[in-house]
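We did not get these values from a lab; they are worked out from the coordinates using the rules stated. All figures in this text were calculated on a predicted structure; none of them were measured in a lab. Counting neighbours? That spans all protein chains shown, and the Cβs are built from the backbone with ideal geometry, glycine included.
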Amino acid sequence: MKYILLTTGVILLYVSCKPSQTNRLAERGSREVYVYSFKMTYFKKMLLSGFDNSAAIKTVVASDQSGYSEIVLSMDDFRFIDSVVAADRAKLSADSLAGIGRVAEGAGGKRVFDCALARYESKWLNDAATRRSRYYVDAASGLNQ
């Protein structure tokens, strides 16, 4: 009798814990989607800004199908990304001006891809996106309940 009661208790405990594990997996998936969208949005905006919103770069960014079709980021996220892009753009311009006369003629100019890729891969941007993803994950989990 004790064996049956113990087995039933273990089964009930296992079944009751299963949904929370599923919720954690869904939460982690939502966070990964958010962070990827955040970083890709930064990268595309930095390319556009770095190349002065030229028609050629607009065509390249518009034809790129990286990312997700649904909008994941909020307006606050877009404003935050715009502020980071503006700061990086100012740094890019300052570095470009500081390099005049210091580097070989062929090596002068803006290094938009270097700057955008370095920030995209940076721990700072990843941490910022992860911190901001908490709001998205909390909102998404609230809708699923």
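A few comments on the model shown:
- The fewest-to-most ranking of 74, 66 by surrounding Cβ atoms within 10 Å reads 66, 74.
- Look at 135, 42 and count the other Cβ atoms within 10 Å of each Cβ; fewest to most, that gives 135, 42.
- Placing a label point 7 Å from the Cα of residue 130 along the Cα-to-Cβ line, the residues of segment 29-52 whose backbone N sits under 13 Å from it are 31-32, 35-36.
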